[in-house]
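Undergrad: Got a structure for you, questions after.
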Amino acid sequence: MREIKSLTELKSLVGTQVASSDWISISQERVNTFADATGDHQWIHIDVERAKKESPFGGPIAHGFLTLSLLPMLMADALHLSYVKMGVNYGLNKVRFPAPVPVGSRLRAHLTLLQIDDIKDGAQMTWEVSIEREGSDKPVCVAESIARCY
């Protein structure tokens, strides 16, 4: 985990890859729990036997939105802004899922600071977050995430 101790330090990192998270595993249990939480029970995610037989991916895959929902956890694992009292998600500019996430995959995030703007009592940061799947040459998710810190 990378620690940033001031807004000045963070501003000096615009345009660079700032941090990477540790690897996390995507289990069938995590996929099933996400399906239950969202109501998205499409067979390519939760029916292991059918996915092995009929899916072009050769088995079940994680929901794209499950991968996207990991951003806060992966970002918190990669980066700590020790000078910040509170942070909030502000939104997303772009999100793409260039490659599938087969169940059993390991993922990690790479954070590049694209922009930082001063706002009242804080700063707004735009991050490019690229989520890598171990052993794949394509990212599984690329998102521009906007966060505010106070």
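Values in this text are rule-based calculations from the coordinates and carry no lab data. Not measured: the values here are computed from a predicted model. All Cβ positions, even for glycine, are placed from backbone atoms using ideal geometry, and neighbour counts span all protein chains on display.
Undergrad: With a 10 Å radius around each residue's Cβ, average the other Cβ atoms per peptide and rank 64-71, 18-25, highest first. Could you put the intermediate results ahead of the total?
TA: Values: 64-71: 18.8, 18-25: 16.9.
Per-residue mean Cβ counts within 10 Å order the peptides as 64-71, 18-25.
Undergrad: Roughly how large, in nm² to one decimal, is the mean projection of the convex hull of the alpha-carbon atoms in the chain?
TA: Values: hull surface 36.7 nm².
Averaged projected area of the chain's Cα convex hull equals 9.2 nm².
Undergrad: Once you charge only the Cβ atoms, +1 for Lys and Arg and -1 for Asp and Glu, what is the size of the charge dipole of the range 100-142 about its Cα centre, to the nearest 20 debye? Present the calculation step by step, with values, prior to reporting the outcome.
TA: Numbers: 5 positive and 7 negative charges, 55 e Å.
For this selection, approximately 260 debye.
Undergrad: While we're looking at this one, here's another question. Set Lys and Arg Cβ to +1 and Asp and Glu Cβ to -1, take the dipole of the chain about its Cα centre, and tell me which of His41, Leu68, Ser6 lies farthest positive.
TA: The Cα lying farthest towards the positive end belongs to Ser6.
Undergrad: Another question, if that's okay. Taking 8 Å as the Cα distance limit and 6 or more residues as the minimum spacing, I'd like the relative contact order of the chain as a percentage. Walk me through the intermediate numbers first.
TA: Values: 319 pairs, mean separation 43.7, N = 150.
Relative contact order here is 29 percent.
Undergrad: Can you give the charge dipole size of the chain about its Cα centre, rounded to the nearest 20 debye, using +1 on the beta carbon of Lys and Arg and -1 on the beta carbon of Asp and Glu? Write out the running numbers ahead of the final one.
TA: Values: 16 positive and 18 negative charges, 24 e Å.
Dipole about the Cα centre, nearest 20: 120 debye.
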